Structure formats: C-alpha cells, structure tokens
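Working notes for the structure below.
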Amino acid sequence: MKRGRYGRYGGMYVGEVLVHALLELEEAFKRIYPTEEFQREFHGLLRDYGGRPTPLYYARNFSKLVGFKVYLKREDLLCGGSHKLNNALGQALLAKKMGKRRLITETAAGQHGLATVMAGNVCGLETEIFMGIKDVQRQASNVKKMVLLGAKVKPVKAGAGVLKDAVSETLREWAACSRTTHYLIGSTVGPHPFPEIVATFQSIIGEELRKQVLEKEGRLPDAIVACGSGGSNALGAFRPFIKEKSVRLYFVEGGGESRGAENSAAAFQLGSPGVLHGGLMMVLQDTWGQIRPSKTRAAGLNYPGRGPEISHLCEVGRVKPCYALDHEVFKAVRMMCRTEGLIPALETAHAVAYVLSNPDEFDPDDVVVINYSGRGDKDVETILRCERELNTP
Ligand SMILES: *Cc1c(COP(=O)(O)O)cnc(C)c1O
C-alpha cells in the first residue's frame, strides 16, 4: 500500500483544518499500536470484556440443507451482539493513550453508537454521539440505551436529518476540538488513516478464524462469505487470507427490494468511483457526482459507499462483489432460525442468503465460512413486519 491508498482508492480528501488531526492520528497509531503495552491491554479487553475468541461453529443442519460444510464465525457472541466492539475498543484505547478526553461519533441505526459509548466508558472517556433527527426518532430504543450508558446524543437537524448530515456535523465538531477529542469512525471508510486503523483492529476475526479452521479441518477454507457496507467485518475476516489464492472471498451487499437504483444499496453493481466523506471509493452517485441515497432494510448496510480497500480488492478481482435481495434475506433468516436456532442480524442474513441462493458457486467437498457478523434481536420487529409485507414467511 502506498500511503493511504489501495490501488487508486482511498486518500485524504478533507479540508485543511482536519489534516493536522489526521496526521497526528496516523503518527500515534504507528507509534502506539505495535507496543507491547498496547497489545496487552487491547487483547485483554477483547478477551475479558468482549468475550473473545468468538467460536467457529460447524453448522451441521444448515450444512446438510445446502450440501457442503458451512462454519459460522460467531461475531454475534461478541459483547454488544456484533463485530463493532473490536474496533470501538481499539480506537478508544488508542485515544486514551493519545491523551484525549472525549470520543465523538455518528450513528444511524445506533449499533455503532452503542459500541462507542461502551468502549468510551471502559476507557474512561466521555462520549458524544451525533444522529440525524430522523434517525433519533426511528431508533428510539437504541437512543435510550446510549443515554442510559451515559452518552450525550446530539440530534442533527441540518440537511435531511440522516446519517450523511450527522457525518458532516461530526467532522465539523472534530475540526473544532481535535486537541481533546477523537472521532471514532465505525467502519473501513473515511479519510486515511481510518480505513487502515479499522481494518487492523477488526483483523482479530480473521486471525482467530485461521487458527480455528486449521484445528478443525486441518486446512484453509475454500471460501469466506461476509456481508458489508463500509467493509469492516469483511476485511477483518479476509485480511489474513488475501495472499492465499486458494481461498475464495465473497462480499455481499444489500440489494434491496430489487436491483433498481432507487431501491438498492448495491454500490458495486450500480455505483462508480467517487469521493465520499474524505476518501475515494465506490459510491452510489448521479451523473453530477451527487451522492444517491442507498436503500435496504438492513440499517447497517445502508451506506452509499464501499470503503477504499474493499473497493480495490473487488476491482482487481481478489474479492467477488455480490448482493442479496430482501426476499432472499428474509428466507435466509427463517432457514438459520429453523436449522440452527439462531436469529441472524439482517445484515448478516445477506451473507447467509448468498450461500443459500447460489449453490453453483460451491462444491460438495467445500469448506465455507460465513462471517456471522451479528445477532438479530434488534431486528425482530422489522423481520416480522417485512415478512408480512413481502408475504414470505
Ligand atoms: C454495522 C454492521 C455491518 C456492516 O458494517 P461493515 O463495516 O461493512 O462490517 C454488518 N453486520 C452487522 C451485524 C453490523 O452491525
């Protein structure tokens, strides 16, 4: 990697006022991350607070259904119910070592906001979360949890009152107070060095996975399937395998109701390279370069950009970009519930759906790992409502 670049993607497309904060962060990460002290504290938190290592579960009944061996890397068992805490703990600890007192971030569905305030509390930092006013209303129960945990939640009325407006507001706030405050970005997106930092903290998933599959199967898997938007759970799982050409890597994005540009979040199918929130990446945009809103019922996949590293890996053919449509996703939820007794997050169900809907991609003697990014407790209402709408119980 050239500095901050993955092929042609990445970079640091920000106003001058933020350059200093980004360079300070880059320098601190390089200096602090490799130290024995940081490694010990970070891995201690992942283990004793987060509950790592997460198991690699052989899904026997699901395997029988699809006709090849499927393992689930159980990030749903991480404290908080998804992979997001890996990155939140890493960045909060880094911020503390940098002498910061306060974390800020944005969140749409609230999952990243929750992970941030958890990590902030563990590391003794104040947490303030910017949320579009519409999202504050839509996600009332997660807002209550964040407030209970002690976060300040700041509703953003500007623009359309959604995630992109909250991101702009957080960047403005960071420019004003980066001396005391760290912006804890939640996925492998944003300007350099964020995509690199987030992927590094999430790589714990793939490092464990590699050891676990070697123990259980005596060989590397044939395929790893992960859902994503920015790409953090996917890259976390993929990174230790990128040089292993025998391991096929699949990235599944939100196809929405159909592939039409108005009701999809499939930026690899419908997007093109453009600048979003400080980095060059694949984005949904119109012919003027204005960002188009994405649409999917999985809140965590509802972002119009794909981070620079996953954009590059798909462009050079190392990762296969795929998508799953809503009706396939709800069917996958049912299948996972009935075969294994697990309710997947709607995001995670996209990876499950791809495996179910594309049997031709896999051989009977394949060992396939699904990165099972999160649990679906947060989605139960949506799942039941959408099943009624789509009439596919
Ligand atoms: C947020 C989220 C995602 C998508 O984010 P990535 O950064 O692309 O991984 C996927 N699954 C779950 C459960 C999430 O909460």
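The values are calculated or read from the model by the stated rules, or taken from the named source; none is laboratory data. Predicted model, so just to flag it, every value in this text is computed and none were measured. Cβ atoms come from the backbone with ideal geometry, glycine included; neighbour counts cover every protein chain shown. With ligands, DNA and RNA removed, areas are computed over all heavy atoms of the protein, side chains included. Shrake-Rupley method; radii C 1.70, N 1.55, O 1.52, S 1.80 Å.
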Next on the checklist: Which one, Pro321, Phe68, Val117, is farthest towards the positive end of the dipole of the chain when Lys and Arg carry +1 and Asp and Glu -1 on their Cβ?
Outcome noted: Val117
Checklist entry - Tilt of helix 163-177 relative to the longest C-alpha principal axis of the chain, in degrees (0 to 90, nearest 10)? => result 30 degrees
Item to check | Rounded accessible area per residue of the chain, 1.4 Å, Å² | outcome: 41 Å²
Checklist entry - Cβ under 10 Å from Asn302's Cβ, Asn302 left aside: what net charge do those residues give with Lys, Arg +1 and Asp, Glu -1? => result +1
Item to check | GNM top mover of Met335, Met281, Met131 - the chain, alpha-carbon springs below 10 Å | outcome: Met335
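I need the shape label for segment 115-180. Rule: rounded when a/c is under 1.5, else prolate if a/b > b/c, else oblate, with a, b, c from the alpha carbon gyration tensor. Could you put the intermediate results ahead of the total?
Values: a/c = 2.85, a/b = 1.12, b/c = 2.54.
In terms of gyration-tensor shape, oblate.
Can you give the net charge of the other residues whose Cβ lies under 14 Å from the Cβ of Asn263, counting K and R as +1 and D and E as -1?
Working: positive: Arg259, Arg292, Lys295, Arg297; negative: Glu253, Glu257, Glu262, Asp326, Glu389.
Cβ neighbours under 14 Å give a net charge of -1.
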Next on the checklist: Can you find, among Val333, Val247, Pro344, the residue sitting farthest towards the positive end of the charge dipole of the chain, where Lys and Arg contribute +1 and Asp and Glu -1 at Cβ?
Outcome noted: Pro344
Checklist entry - Of the cross-linked pairs Lys331/Lys378; Lys96/Lys134; Lys144/Lys331, which ones have a Cα-Cα span greater than 23 Å in the structure shown? => result Lys96/Lys134; Lys144/Lys331
Checklist entry - Peptides 231-242, 30-41, 268-279: what's the order by average Cβ count within 10 Å, highest mean first? => result 231-242, 268-279, 30-41
Checklist entry - Residues with amide H under 5 Å of Gly374's amide H, sequence separation 5 or more or different chain, H placed in the peptide plane at 1.01 Å from N; which? => result Asp76, Ala345, Thr348
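Tell me the carbon and sulfur percent of the accessible area for segment 152-234, rounded to whole percent, probe radius 1.4 Å.
On the way: 1450 of 2810 Å².
It is 52 percent, rounded to a whole number.
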Item to check | Size of electric dipole in segment 296-335: Cβ of Lys, Arg +1 and of Asp, Glu -1, about Cα centre, debye, nearest 20 | outcome: 140 debye
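Can you check what the net charge comes to around Met282, using other residues whose Cβ is under 12 Å from the Cβ of Met282 (Lys, Arg +1; Asp, Glu -1)?
Details: positive: Arg8, Arg306; negative: Glu253, Glu309, Glu315.
Counting the neighbours of Met282, the net charge comes to -1.
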Checklist entry - Can you work out ³J(HN,Hα) from phi for every residue in segment 310-319, in order, using Karplus 6.51 cos²θ - 1.76 cosθ + 1.60 and θ = phi - 60°, giving whole Hz and x for Gly and Pro? => result 5, 4, 5, 4, 6, 4, 8, x, 6, 10
Item to check | Helix 111-122 vs. the chain, principal-axis angle (Cα, 0 to 90°, nearest 10) | outcome: 60 degrees
Checklist entry - Where the accessible area of segment 281-393 is counted over protein heavy atoms with a 1.4 Å probe, how much of it, in %, is carbon and sulfur? => result 50 percent
Item to check | Using alpha-carbon coordinates, inclination of helix 346-357 to the longest axis of the chain, degrees | outcome: 30 degrees
Next on the checklist: Quick check: the distance between the Cα centres of segment 324-372 and segment 19-72, to the nearest angstrom?
Outcome noted: 22 Å
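Rounded, prolate or oblate: which fits the chain when a ≥ b ≥ c are the square roots of the eigenvalues of the alpha-carbon gyration tensor, with rounded for a/c under 1.5 and prolate only if a/b beats b/c?
Working: a/c = 1.43, a/b = 1.27, b/c = 1.13.
Cα axes put the chain in the rounded bin.
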Next on the checklist: Rounded, prolate or oblate for segment 319-369? Axes are the square roots of the Cα gyration tensor eigenvalues, ordered a ≥ b ≥ c, and the cut-off for rounded is a/c under 1.5.
Outcome noted: oblate
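What value, in deg cm²/dmol to 500, does the helix sum -39500 (n - 2.57) over DSSP H runs of n ≥ 4 give at 222 nm once divided by the residues of the chain?
Numbers: 16 runs with 170 residues, N = 393.
Value at 222 nm, helices only, nearest 500: -13000 deg cm²/dmol.
Report, in debye and to the nearest 20, how large the dipole of the chain comes out about its Cα centre when Lys and Arg carry +1 and Asp and Glu carry -1 on their Cβ. Working shown, then result.
On the way: 52 positive and 44 negative charges, 104 e Å.
So the dipole magnitude of the chain works out to roughly 500 debye.
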